[in-house]
Amino acid sequence: MPSDTYEPVPAPEPKRTNQRGMAAVRTRAEILQIATEEFALHGYTGARVDAIAERMRVSKAMIYYYFTNKDGLYLAVLEHVYSLIRDAEEATRLDHESPAEQLLSRYIENTFEFHENNQVFSRIISIENIHNATFLKKSPTIKATNRPVLETLTNILHRGIAAGTFRRDIGAVDLHYLISALCIYRVSNRHTFGTLFDVDFAKKSTRKKQRMLAVESVLTLLMKPAAD
């Protein structure tokens, strides 16, 4: 993907309300969608609210009506992109029949595909890391939205441990860190890595192989060593 463009960012789903309320929710979602693209492209410092207003064909005052100021708009963007990945991760539903290895494989594949199809996420997160998570620390919701993913991973780990297949010394946070590293790096570093080692990350066979490597690497690490 060229460095100066990103795939369209999914807008937040409008909540049902009256007609006037629906229009306000829709306007807010459209502003947030365009703002996400602007911040991803130019960073927090380089992004301009004037440019967002121009693309929306609205006044800057209207944007501030919904988000107060530039800080409030960026924080809303940050919360939005985190909600997108949490929704994708929650697509892995636990059932009473599937073994832990199968559930975890599905979870990793979902995460892998999310990052591939929503490359703006890694860009926004990279920008927030540049700012030492300053805005993330101000969010009253992001930490709360992360709890379900740890609960899902904990349940998968407990199922694998109970079945005697998973080791006990790797926790949910460890597992989440490992999966994120394998799935995000190929997106955040695809241009430099691809250029240095002549890897075409857009190639279907490359994508399929790297997804397989992510799944097998995690499962191999988690598997309990066979008894001598």
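Note on residue 180 and residue 26: the extension gain reaches 52.3 nm, defined as 0.36 nm multiplied by sequence separation minus the Cα-Cα distance.
Which angle from 0 to 90°, rounded to the nearest 10, does the C-alpha axis of helix 19-46 make with the longest principal axis of the chain? On a 0 to 90 degree scale, this one is about 70. Loop-located trypsin sites (Lys or Arg not before Pro) in region 152-210 (DSSP state other than H, G, I, E, B) with a sparse environment of at most 14 neighbouring Cβ atoms within 10 Å: 167, 168, 203. In this rough spin-label picture, where each label sits 7 Å from Cα along the Cβ direction, the residue 147-residue 193 distance is 3.4 nm. Qualifying trypsin sites (Lys or Arg not before Pro) in region 38-133, where qualification requires a DSSP coil assignment and no more than 16 other C-beta atoms within 10 Å, comprise 48, 57, 93.
Both radii come from the Cα set of region 53-141: Rg as radius of gyration, Rh as Kirkwood radius; their ratio Rg/Rh reads 1.12. Our coupling estimate for region 165-170, obtained by passing each phi through the Karplus curve with A = 6.51, B = -1.76, C = 1.60 and θ = phi - 60°, is 9, 9, 6, 9, 9, 10 Hz, Gly and Pro reported as x. Per-residue ellipticity at 222 nm from helix content only, as computed over the chain with -39500 (n - 2.57) for each DSSP H run of at least four residues, stands at -23000 deg cm²/dmol.
Shape class for region 103-228: oblate, because the ratio a/c of the largest to smallest gyration tensor axis (alpha-carbon atoms, square roots of eigenvalues) is 1.5 or more and b/c is at least a/b. Dimensions of the chain along the principal axes, based on C-alpha atoms and rounded to the nearest Å, stand at 71, 46, 30, largest first. Taking a straight Cα-Cα cut-off under 18 Å and skipping sequence neighbours fewer than 8 places away in the same chain, the lysines within cross-link reach of residue 70 are 60, 137, 138. Once the Cα atoms are used to define both axes, helix 204-222 deviates from the longest principal axis of the chain by about 60 degrees.
Coupling constants for region 59-72 follow from the phi torsions by the Karplus curve (6.51 cos²θ - 1.76 cosθ + 1.60, θ = phi - 60°), and in residue order they are 7, 4, 4, 5, 4, 5, 4, 8, 10, 6, 7, 4, 4, x Hz; glycine and proline get x. For region 125-196, the convex hull drawn through the C-alpha positions has a volume of 120 cubic angstrom per residue.
Cross-link candidates for residue 209: which lysines have Cα within less than 28 Å, leaving aside residues fewer than 8 places away along the same chain? Those lysines meeting the cut-off are 224. Axis angle, to the nearest 10 degrees, between helix 120-130 and the longest C-alpha principal axis of the chain: 80 degrees. Across region 138-154, coupling constants 3J(HN,Hα) worked out from phi with the 6.51/-1.76/1.60 Karplus curve, θ = phi - 60°, read 7, 6, x, 10, 4, 4, 5, 6, 8, 4, x, 5, 5, 5, 4, 5, 4 Hz, and Gly and Pro carry x. Using C-alpha pairs under 8 Å with a sequence gap of at least 6, the mean separation divided by the residue count of region 71-127 gives a relative contact order of 41 percent.
Around the amide H of residue 166, modelled in the peptide plane, lie the amide H atoms of 161, 224, all under 5 Å away and 5 or more residues distant in sequence or on another chain.
Relative to the Cα centre, the charge distribution of region 82-228, modelled as +1 at Lys and Arg Cβ and -1 at Asp and Glu Cβ, gives a dipole magnitude of about 320 debye. The distance between label points at residue 64 and residue 206 comes to 4.5 nm (points 7 Å beyond Cα on the Cα→Cβ vector). Dividing the mean sequence gap of close Cα pairs (under 8 Å, 6+ apart) by how many residues the chain holds gives a relative contact order of 19 percent.
Read-outs: derived from the displayed coordinates by stated rules, not from any lab. From a predicted model like this one, the values you see are computed outputs, not experimental measurements. Backbone-built Cβ (ideal geometry, glycine too); neighbour counts: all protein chains shown.
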